[in-house]
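Visitor: Got a structure for you, written out below as structure tokens; questions coming shortly.
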There are 2 protein chains.
Amino acid sequence: MTASFKDCANAVRALAMDAVEAANSGHPGMPMGMADVATVLFHDYLKYDAADPHWPDRDRFVLSAGHGSMLLYASLYLSGYARPTLEDIKNFRQVGSPCAGHPENFELPGVECTTGPLGQGLAMAVGMAMAERHLNAVYDDSIVDHRTWVIAGDGCLMEGINHEAIGLAGHLKLGRLNVFWDDNDITIDGKVSLSSSEDIPARYAATGWHVVECDGHDEASIKAAIDAALADDRPSLIRCKTVIGKGAPTKSGTSGVHGSPLGAEEIAGAREALGWNHPPFVIPDDVRETWLAAGKRGGEANVAWQGRLASHSDKGEFERRMAGDLPDGFSLDDYVAELLADPKKVATRKASEMALGAINDLLPETIGGSADLTGSNNTKTKSTGPLTAEDYAGRYVYYGIREFGMAAAMNGMALHGGVIPYGGTFLVFSDYCRPAIRLSALQHCRVVYVMTHDSIGLGEDGPTHQPIEHVMSLRLVPNLEVWRPCDTIETAEAWQASLEKKDGPSLLALSRQNLPQLRASGGMQAAKGGYRLHAAEAPRRLVLIATGSEVELAVAVREQLEGEGIGADVVSMPCWERFDAQPEGYRADILPSDVLRVSIEAGTTMGWERYTGLDGMRFGLDSFGASGPALRLFEHFGLTAEAIVPQIIERLNA
Amino acid sequence: MTASFKDCANAVRALAMDAVEAANSGHPGMPMGMADVATVLFHDYLKYDAADPHWPDRDRFVLSAGHGSMLLYASLYLSGYARPTLEDIKNFRQVGSPCAGHPENFELPGVECTTGPLGQGLAMAVGMAMAERHLNAVYDDSIVDHRTWVIAGDGCLMEGINHEAIGLAGHLKLGRLNVFWDDNDITIDGKVSLSSSEDIPARYAATGWHVVECDGHDEASIKAAIDAALADDRPSLIRCKTVIGKGAPTKSGTSGVHGSPLGAEEIAGAREALGWNHPPFVIPDDVRETWLAAGKRGGEANVAWQGRLASHSDKGEFERRMAGDLPDGFSLDDYVAELLADPKKVATRKASEMALGAINDLLPETIGGSADLTGSNNTKTKSTGPLTAEDYAGRYVYYGIREFGMAAAMNGMALHGGVIPYGGTFLVFSDYCRPAIRLSALQHCRVVYVMTHDSIGLGEDGPTHQPIEHVMSLRLVPNLEVWRPCDTIETAEAWQASLEKKDGPSLLALSRQNLPQLRASGGMQAAKGGYRLHAAEAPRRLVLIATGSEVELAVAVREQLEGEGIGADVVSMPCWERFDAQPEGYRADILPSDVLRVSIEAGTTMGWERYTGLDGMRFGLDSFGASGPALRLFEHFGLTAEAIVPQIIERLNA
């Protein structure tokens, strides 16, 4: 027996309010408000197969308003995904349940991305839609032909990143991206009108979007709006007029229903108002069967798709790329061998471009880009033509002055799969990307951040453009590998390691200024994170630990010290996270505790105690920088061999 | 003799191209493109008195496109500001010159704010315009009656923060804010059309702005547009169609003129094309005199204003506030005395609200707010009614879901002077504000960030909402004081210290969960940054160092250890920056190196080596969090006395 649309939607409402009540924590208002829209989507439009959540050609659904996670968990459960189970939902927001407070892509296959930090879900969806169009252009309609759907709230639309994301989507004419705006007039502080007077549809229209409206509680109206969206070749904003907490007798339509359990009495009233006479967590058979049938809708299409894939000429390559595997035998050894034969003194940003030249030829899955600093970030190579609305097969994105939007879009591309995104800006503007960098790490996204101009070495642009705290602060982000290579060889090794890291992001901090090639051999030594570049010749009295452009300085310091008969190792430490993962014996050999340990890095010294100990020395910069030529700045801030060597000798003699 | 408008504008162009050429670094394109607009502004509209750059009722001018710094330096020099001198301009971008690569408010009085990080200048201007309207409402037209002018480029408009900033300005109907958009069709990567297809005027109109257009090289057209802007009571966007690098014979109108010296040949051609036949850095007398006259235009108005102020009934209070001084005898001692008499177990976010209750009654200059988390950040008190378009005298801003926009607006308010802004969001979303927090610090702005939900102690919202790396990463920002108080008393002390710090921002990391009142005495002990909360009773074998909610845990650990006869100090360390500024003797007394030092903080452990040494112990959390009730999470991550005590005993016995 087929249940009514109303009952199917009310099942979502009931699970949401009951799970929040059981957890005594959570957000019932949004799921209750958007239950009708979600039901229409999951029953009639979304292309998915609950039995195969990893089907590559499924539509992507992003709950950008992640606090409404129960909307997603209820829909996944009801439509027959293996997880979450009803038990999982009963344990909503408990340690061990995959039904976390906000949706986590690593907890449940049906969760396409981690949301909650507002605005980023929609921005990631833009990246997913870009990946879809790109892969469609590279392959064809027969194996890549799906849509990206988003539910977003006023929070997502008010965040700055919304402007960047929709600007990119409008410019790239991502017509297969459809965003439901849960227009309920409510934010946490109260009415939207408390803080905003914007004409959102007009703003979207001004940004190249198609806008359509519906009554978010009327099945026919929702369908008509979706049909209009499908018929338009621009990205669509579907404005859904809804009542937050729909069904709650006294709290619906108010901010009181947003983020707190309704309470027993209100829930009883809601059950009555909704005509839902079932105990908590009980779904009547007809409702469950109707939902399960919806979850099987895509099964046949999936089978047909499998058939088309089986006979597709690019099957192997498509599967490799969607699995995220690099081609067999991928390596930069040939390129490194060339460097060893013919050393280059170039900025590491240039070294990155050179490495990318080899990489982009070897890996068709890379998609590069820059937030309007292409020539400075050196992110474009000859094999990557522009990805545009006219040519989605291109592999280079002109992201515009949209650092955060770029980072979030790259997350979306990585989550979609089939591509490996990298993108650049100045390191100091990693601050603009930081919320998305964190989500790269949390979501295990292989995204490579190409962050150039990584210290006062950028010179005249001055303090606003000179990173001080950035490298260290990025090292603090869990699951992010931060690289600061010292020359062409280390840069190549950092790139190789970053590409091989399937389960998380990497960030390359690269110099503006030229650096000598310090390495005389290959062998992926940088992959250990830190290693002895030069061993002491005189009896060892200290270890100099440096990164990036300061390895050259450490080598110069060592030379002077050795000249005085003071033996010094130079340790290059391009990646702390990798070094910390080495066995204790290795680490103790590289950083012995019985000699003076000295760090040199043109950034904050705080944090270096980790390797120098409190009795070591730390050379760096704990204030903001200044405007001037790079060499003058290194002098000004005491980062020269002339300034450092006497201090070390004084310490050794103390 | 009065020079022609054309010559006056060309003087700006010449200084820009010559200074960039001399520095062999910089951005000639924008100053050359916007020279006409700047000349109209400085000669006919901007209310300023070059002889008195600090005149409180001056118009504020913000060069949001900060890379075009030479436009500003040239205008300030030509109009007769004491600095920059011609010599300063000749030393553009050299160490020691106030003419830094990007404008720095602390280098030159005529520079209202530090710009370069795109989008933030305009967003700060919104804050300046808010402060102006607020002070106008508090005082009156006779002493507060000025405008805020902005020059912004496509970069500023494409950044996400632009959406937040103009949304706030449109909502608050800041009609005295006028933004010139340098519409030159060029970004660094090439044509704007490479990355954007947006209808900017339509977007601004949708956001409550008045939009007017002009030919940015035609004096009459510019004036007509400004006149239209002045006549409208909405904030205005003045679209100026310009040619980037106007005058450069081969490079104008291309991205090639944006960020590099033109070269001798191109400069010669530009001189010819512009009809500017003077050697580098030579300004003919008539041009200089005409500019100097413009710089004196405001002199009479300034004198008249001084007269009105002298007879104003609120003169003393207005001057106190504009000087940024707190009222004589300001202190929270009475409030702290109440707490000592009647201890409270509350979350530190609640303790902050309680302290703010006292503060907001004592300090009429505070303007609070929250990015749509008022009830969670506890930022509103009874004496702060909403600041709205209908009542600018209000002292509480509903910023909406605009964390970055809020932070930048607060910088603008602080820079304007007369108010002390504070605002809240969740600590994890400090990432969204981070670029503006950095500018608070760089610009020496007294802004207080109220960042609540400061650890896994927030519980069920899960990893997206749980700060891990945030407190430590914020400690790395130069000139920012980060506070993580442990109870009501420390929270009050942190507030007092933050308000007393005139020359920089403070950030309060506050708990969601309740915490006992641990302090039994007042005395601003927290102002030392770290202090001994409890001394060992048994012979001291270790020092426990903790912050915020983990001080309670450290006290519990100590109690168990003392029960075993193991003496342990508890050091509360609410502010690292303050502790590091104490004399060495004090620091050595608090953190003696001859006993085990153990840190406990529910965040990243990296960085704590600074106080524990490598032989100490660090308890914390170096992975992302999880979704569950707070107490369960502390258990899950081993942050309980039961988990910690045995490890310490084992270490002591090793």
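The values are calculated or read from the model by the stated rules, or taken from the named source; none is laboratory data. Computed from a predicted model, the values in this text were never measured in an experiment. Here the Cβ positions follow ideal geometry from the backbone for every residue, glycine too, while neighbour counts run over all protein chains shown.
Visitor: Within the stretch B:126-136, is even one residue part of a helix (DSSP H, G or I) and within 14 Å of chain A (Cβ to nearest Cβ)? Before you say what the answer is, go through the steps one by one.
Guide: Restricting attention to the stretch B:126-136, the residues satisfying the condition of being part of a helix (DSSP H, G or I) are B:126-136.
From what is left, the residues that are within 14 Å of chain A (Cβ to nearest Cβ) are B:126, B:130.
Checking the stretch B:126-136: at least one residue is part of a helix (DSSP H, G or I) and within 14 Å of chain A (Cβ to nearest Cβ).
Visitor: Something else: For the stretch A:358-387, enumerate the residues that are in contact (Cβ under 8 Å) with a residue 24 or more places away in the chain and surrounded by fewer than 17 Cβ atoms within 10 Å (Cβ to Cβ).
Guide: Answer for the stretch A:358-387, where residues must be in contact (Cβ under 8 Å) with a residue 24 or more places away in the chain and surrounded by fewer than 17 Cβ atoms within 10 Å (Cβ to Cβ): A:PRO364, A:LYS382.
Visitor: While we're looking at this one, here's another question. Where the second residue is crowded, with 24+ Cβ neighbours inside 10 Å and basic (Lys, Arg) and the first is within 25 Å of B:THR366 (Cβ to Cβ) and lies in the stretch B:116-132, which pairs have Cβ atoms under 9 Å and are six or more apart or on separate chains?
Guide: Listed by first residue and then by second, the contacts come to B:ALA125/B:ARG60; B:MET128/B:ARG60; B:ALA129/B:ARG60; B:GLU132/B:ARG60.
Visitor: Separate question: Could you run through the stretch B:147-179 and say how many residues are assigned to a helix (DSSP H, G or I) and not acidic (Asp, Glu)?
Guide: Matching residues across the stretch B:147-179 total 15.
Visitor: Could you list, ordered by first residue, the pairs with Cβ atoms under 7 Å in which the first is in the stretch A:504-518 and surrounded by fewer than 24 Cβ atoms within 10 Å (Cβ to Cβ) and aliphatic (A, V, I, L, M) and the second is assigned to a strand (DSSP E or B) and at pLDDT 95 or above, at least 6 apart or interchain?
Guide: A:LEU518/A:LEU533
Visitor: Another question, then. Could you please let me know if B:ASP461 is crowded, with 24+ Cβ neighbours inside 10 Å, touching a Ser or Thr at 6+ places or on another chain (Cβ under 8 Å) and away from every other protein chain (no Cβ under 13 Å)? So that I can check it myself, show each step before the final result.
Guide: On the way: crowded, with 24+ Cβ neighbours inside 10 Å: yes; touching a Ser or Thr at 6+ places or on another chain (Cβ under 8 Å): yes; away from every other protein chain (no Cβ under 13 Å): no.
When the stated conditions are applied, B:ASP461 does not pass them.
Visitor: Here is a further query. Checking A:SER623 against (1) touching a Pro at 6+ places or on another chain (Cβ under 6 Å); (2) surrounded by 24 or more Cβ atoms within 10 Å (Cβ to Cβ), which single condition isn't satisfied?
Guide: Unmet condition: (2).
Visitor: Could you go through the stretch A:568-576 and let me know if any residue there is of a type in the set (A, V, I, L, M) and assigned to a loop (DSSP other than H, G, I, E, B).
Guide: Restricting attention to the stretch A:568-576, the residues satisfying the condition of being of a type in the set (A, V, I, L, M) are A:568, A:570-571, A:573.
From the residues that got through so far, the ones that are assigned to a loop (DSSP other than H, G, I, E, B) too are A:573.
Checked against the condition, which is being of a type in the set (A, V, I, L, M) and assigned to a loop (DSSP other than H, G, I, E, B), the stretch A:568-576 yields at least one hit.
Visitor: Another question about this same structure. Quick check on this structure: which one of A:LEU591, A:LEU614 is surrounded by 23 or more Cβ atoms within 10 Å (Cβ to Cβ) and at pLDDT 95 or above? Full working, then the answer.
Guide: On the way: A:LEU614 fails: surrounded by 23 or more Cβ atoms within 10 Å (Cβ to Cβ).
Going through A:LEU591, A:LEU614 in turn, just one is surrounded by 23 or more Cβ atoms within 10 Å (Cβ to Cβ) and at pLDDT 95 or above: A:LEU591.
Visitor: Something else now. Out of curiosity, is A:GLN120 among the polar types (S, T, N, Q) and surrounded by fewer than 24 Cβ atoms within 10 Å (Cβ to Cβ)? If you could, list the steps in order and put the result at the bottom.
Guide: Values: among the polar types (S, T, N, Q): yes; surrounded by fewer than 24 Cβ atoms within 10 Å (Cβ to Cβ): no.
Criteria not met by A:GLN120.
Visitor: Pick out the one residue from B:VAL598, B:VAL645 that is within 27 Å of B:ARG512 (Cβ to Cβ), more than 37 Å from the chain's Cα centre (by Cα) and surrounded by 19 or more Cβ atoms within 10 Å (Cβ to Cβ). Can you show your working first?
Guide: Working: B:VAL598 fails: more than 37 Å from the chain's Cα centre (by Cα).
Unique residue meeting the criteria: B:VAL645.
Visitor: I'd like the full set of residues that are assigned to a helix (DSSP H, G or I) and under 26 Å from B:PRO421 (Cβ atoms), limited to the stretch B:294-315. Quick ask: steps written out before the conclusion?
Guide: Residues of the stretch B:294-315 that are assigned to a helix (DSSP H, G or I), as a first pass: B:294-296, B:299-310, B:315.
The answer is B:TRP305, B:LEU309, B:LYS315.
Visitor: Which members of the stretch A:297-321 meet the condition of being farther than 30 Å from A:PRO364 by Cα and loosely packed, with under 15 Cβ neighbours inside 10 Å?
Guide: A:GLU300
Visitor: Related question: Search the stretch B:62-88 for residues being among the hydrophobic types (A, V, I, L, M, F, W, C) and in contact with a Ser or Thr (Cβ under 8 Å, 6 or more places away or on another chain), and hand back the single one that is nearest to B:MET158 (Cα to Cα). Step through it out loud before you land on a result.
Guide: Initial filter on the stretch B:62-88 (among the hydrophobic types (A, V, I, L, M, F, W, C)): B:62-63, B:65, B:70-72, B:74, B:76, B:78, B:82, B:86.
This time we only want the ones that are in contact with a Ser or Thr (Cβ under 8 Å, 6 or more places away or on another chain), so: B:62-63, B:65.
Details: B:VAL62: 18, B:LEU63: 16, B:ALA65: 12 Å.
Among those residues, the one meeting the criterion is B:ALA65.
Visitor: Look through the stretch A:52-110, keep the residues that are part of a loop (DSSP other than H, G, I, E, B) and aromatic (Phe, Trp, Tyr), and return whichever of them is surrounded by the most Cβ atoms within 10 Å (Cβ to Cβ). Lay out the reasoning, then the answer.
Guide: So the first thing to find is which residues in the stretch A:52-110 are part of a loop (DSSP other than H, G, I, E, B), and the list is A:52-59, A:64-65, A:79-85, A:91-110.
Okay, now just the ones that are also aromatic (Phe, Trp, Tyr), so A:55, A:81, A:92, A:106.
Working: A:TRP55: 18, A:TYR81: 22, A:PHE92: 28, A:PHE106: 15.
The extreme case among them is A:PHE92.
Visitor: Moving on. Of the numbered conditions (1) within 14 Å of chain B (Cβ to nearest Cβ); (2) touching a helix residue (DSSP H, G or I) at 6+ places or on another chain (Cβ under 9 Å); (3) within 30 Å of A:SER549 (Cβ to Cβ), A:ASP391 fails exactly one; give the number of that condition.
Guide: (3)
Visitor: A further question follows. What's the number of the condition A:ASP431 fails, among (1) within 13 Å of chain B (Cβ to nearest Cβ); (2) in contact (Cβ under 8 Å) with a residue 40 or more places away in the chain; (3) of a type in the set (Asp, Glu)?
Guide: All conditions pass for A:ASP431, except number (2).
Visitor: Considering each of B:GLY324, B:GLY247 in turn, give the residue that is in the same structural domain as B:ARG93 (by the TED database), small (Gly, Ala, Ser) and in contact (Cβ under 8 Å) with a residue 60 or more places away in the chain. If you could, list the steps in order and put the result at the bottom.
Guide: Numbers: B:GLY324 fails: in the same structural domain as B:ARG93 (by the TED database).
After applying the criteria, what remains is B:GLY247.
Visitor: Still on this structure: Please go through the stretch A:606-653 and give me each residue that is more than 10 Å from chain B (Cβ to nearest Cβ) and over 26 Å from A:PRO463 (Cα atoms), ordered by number.
Guide: Passing the criteria: A:VAL645, A:PRO646, A:GLN647, A:ILE648, A:ILE649, A:GLU650, A:ARG651, A:LEU652, A:ASN653.
Visitor: Tell me which residues, restricted to the stretch A:225-260, are assigned to a strand (DSSP E or B) and under 18 Å from A:MET30 (Cβ atoms).
Guide: Going through the stretch A:225-260, the residues assigned to a strand (DSSP E or B) turn out to be A:236-241.
If the condition is that a residue be assigned to a strand (DSSP E or B) and under 18 Å from A:MET30 (Cβ atoms), then A:LEU237, A:ILE238, A:ARG239, A:CYS240, A:LYS241 are the ones that fit.
Visitor: In the list A:LEU230, A:LEU168, A:LEU237, A:LEU174, which residue meets the criterion of being more than 14 Å from chain B (Cβ to nearest Cβ) and touching a residue at least 40 places away in the same chain (Cβ under 8 Å)?
Guide: On the way: A:LEU168 fails: more than 14 Å from chain B (Cβ to nearest Cβ); A:LEU237 fails: more than 14 Å from chain B (Cβ to nearest Cβ); A:LEU174 fails: more than 14 Å from chain B (Cβ to nearest Cβ).
Result: A:LEU230 is the single residue among A:LEU230, A:LEU168, A:LEU237, A:LEU174 that is more than 14 Å from chain B (Cβ to nearest Cβ) and touching a residue at least 40 places away in the same chain (Cβ under 8 Å).
Visitor: A further question follows. Starting from the stretch A:572-586, take each residue that is under 13 Å from A:LEU480 (Cα atoms) and list its partners that are basic (Lys, Arg), counting only C-beta distances under 6 angstrom and pairs at least six apart or across chains.
Guide: Going by the 6 Å Cβ cut-off, the qualifying pairs are A:TRP576/A:ARG475.
Visitor: Give, as residue ranges, the strands (runs of 3 or more DSSP E) completely inside the stretch A:478-563 that count at least 2 residues that are at negative phi and under 19 Å from the mean Cα position of the chain (by Cα). Spell out how you get there, then give the answer.
Guide: Working: elements: A:481-483, A:506-510, A:531-534, A:540-546.
So the answer is A:481-483, A:506-510.
Visitor: Look at B:ALA358 and say whether it is farther than 22 Å from B:LEU518 by Cα and in contact with a helix residue (DSSP H, G or I) (Cβ under 8 Å, 6 or more places away or on another chain).
Guide: Numbers: farther than 22 Å from B:LEU518 by Cα: no; in contact with a helix residue (DSSP H, G or I) (Cβ under 8 Å, 6 or more places away or on another chain): yes.
The answer is no for B:ALA358.
Visitor: Identify the single condition in (1) surrounded by fewer than 16 Cβ atoms within 10 Å (Cβ to Cβ); (2) touching a Lys or Arg at 6+ places or on another chain (Cβ under 9 Å) that A:GLU272 does not satisfy, given that it satisfies every other one.
Guide: Of (1) surrounded by fewer than 16 Cβ atoms within 10 Å (Cβ to Cβ); (2) touching a Lys or Arg at 6+ places or on another chain (Cβ under 9 Å), only one is false for A:GLU272: (2).
Visitor: Identify all residues within the stretch B:180-207 that are part of a strand (DSSP E or B), out of contact with any strand residue (DSSP E or B) (no Cβ under 8 Å at 6 or more places or on another chain), more than 8 Å from every other protein chain (Cβ to nearest Cβ) and not hydrophobic (A, V, I, L, M, F, W, C); write none if there are none. Even if it seems obvious, please write down each step before you answer.
Guide: From the stretch B:180-207, those part of a strand (DSSP E or B) are B:180-183, B:186-187, B:190-191; that's our starting set.
Subsequent filtering for residues that are out of contact with any strand residue (DSSP E or B) (no Cβ under 8 Å at 6 or more places or on another chain) retains B:186-187, B:191.
Cutting the leftovers down to more than 8 Å from every other protein chain (Cβ to nearest Cβ) gives us B:186, B:191.
B:LYS191, the sole residue that qualifies.
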